[in-house]
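Below: the structure, in structure tokens.
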Amino acid sequence: MIVSRSKDDYARLVLPHLAAAYRLALWLLRDPATAEDVVQDAAERALRFIGGFRGGNERAWLLRIVRNAAMDHLGRTRPAAELDDETEDPGLSPESALLCAERAANLHEAVAALPPKLRECLVLRELEELSYRDIADIAGIPIGTVMSRLAAARQKLMAQTRDLRP
Amino acid sequence: MTAPACTEFSLLLQADHDGELGAADAARLAAHLATCPACRAEAESLRILSHRLRAEIPPATLPPGLAAKLGRRNRGFSVRSQTPGFAAGLAFAASLALFVMPRRPPDLAAAAVADHIRALQPGHLMDVLSTDRHTVKPWFAGKLDFSPPVQDFAGVGFPLKGGRLDYFAGRPVAALVYNRNLHVIDVLIWPGTAAPRAGTTNGYNYVSWTHAGMVFWAISDLNASELREFAKLWQ
């Protein structure tokens with residue numbers, strides 16, 4: 001019953017988590033049209049890899065595929081060196097990222113202005129409420145790195161939030 | 001967090017805040033917090049930040065066009081499975097399955113989670129869409145042979161979203177739908193008594209209890225502690 005099981009699995013593993021998939025894609029890419037493309041790409045990959053799902057948190061499994069699809073997309077459109085930059089957003093020059101962070105009018109903008117690797121951990125923990133283990137699996141990093149990135153993201157936001165209005 | 005001794009507690013504070021701290025570290029942290037106002041303030045800052053992030057950043061919603069397109073992909077898949085070679089393979093696999101599959105008693109927890117996942121498919125979640133319990137409760141009249149208790153917990157962060165009629169455990173049941181931030185909570189209700197249960201299946205948490213002659217099952221991808229908190233509100 002391999003094929004019909006896959007169909008059931010798609011309905012069970014992928015469909016309920018599409019909204020979470022779209023939210024993550026949007027946070028990573030910050031453009032609705034690109035996020036839609038990446039979610040579609042991720043859903044196709046999920047369909048292909050579904051037989052390899054070995055149990056566990058299926059939302060985390062799908063988000064990992066979304067994350068990889070988003071990174072592949074960024075890799076195609078931006079130089080690799082920028083993606084590895086730990087400190088600044090690849091989409092912005094260092095100066096404009098700094099200005100953006102300083103001028104963030106609200107918390108949403110402040111989160112969007114975080115360096116991508118910090119933003120990813122923060123969004124998965126605070127907004128998607130995933131465990132350290134799940135975030136480590138999604139981002140492909142050790143749990144210790146999840147904790148330090150999360151701490152760095154929160155310190156940056158706490159430094160700014162005092163001035164940010166709801 | 002200015003004293004050097006506090007640096008080692010920084011990640012512990014955060015892990016505690018995120019519900020990820022083991023018992024031994026939790027005890028060590030509690031002892032430190034009792035004597036350190038700076039770390040207590042840091043813990044409070046973490047709490048405020050989390051609260052603000054969840055309150056001030058509305059979750060993006062899935063564009064309806066995308067949801068429809070990806071839902072259709074599922075049907076496309078089933079069409080492809082009907083090629084003759086596959087069909088023969090399926091029939092053979094099915095005949096094997098008859099002998100191989102162990103017969104298991106129906107598991108209510110797995111069924112409740114499956115029901116919840118089915119309800120999450122677009123268009124299945126709610127038959128009556130209202131945040132007013134005085135609208136939701138009468139809606140069930142005439143559809144069920146009992147009157148389910150309908151409560152709204154919006155004041156404590158679990159707003160009622162609506163309800164639907166479901167067929168579960170061999171009988172029609174009332175299903176109420178609540179939200180907690182991004183999460184959807186289904187509550188299935190029918191008359192009877194059952195031993196309380198709690199656990200996790202397929203990444204979804206469930207809690208069941210009996211109260212005032214009714215059996216309740218709450219199912220959600222919400223974390224287990226908040227789901228228990230929700231269950232307590234009913235009892």
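Each value in this text was obtained by applying a stated rule to the coordinates, not by laboratory testing. Nothing here was measured: the structure is a model prediction, and the numbers come from that model. Every residue, glycine among them, receives a Cβ derived from its backbone with ideal geometry; neighbour counts consider all protein chains shown.
At a glance:
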| quantity | calculated |
| --- | --- |
| Which of B:Tyr167, A:Tyr132, B:Tyr206 has the fewest Cβ neighbours within 10 Å, and the rest in rising order | B:Tyr167, A:Tyr132, B:Tyr206 |
| Reachable lysines from A:Lys117, criterion Cα separation under 26 angstrom, eight or more residues apart if same chain | A:Lys156 |
| Likely footprinting exposure, B:Thr201, B:Thr7, fewest C-beta neighbours within 10 Å first | B:Thr7, B:Thr201 |
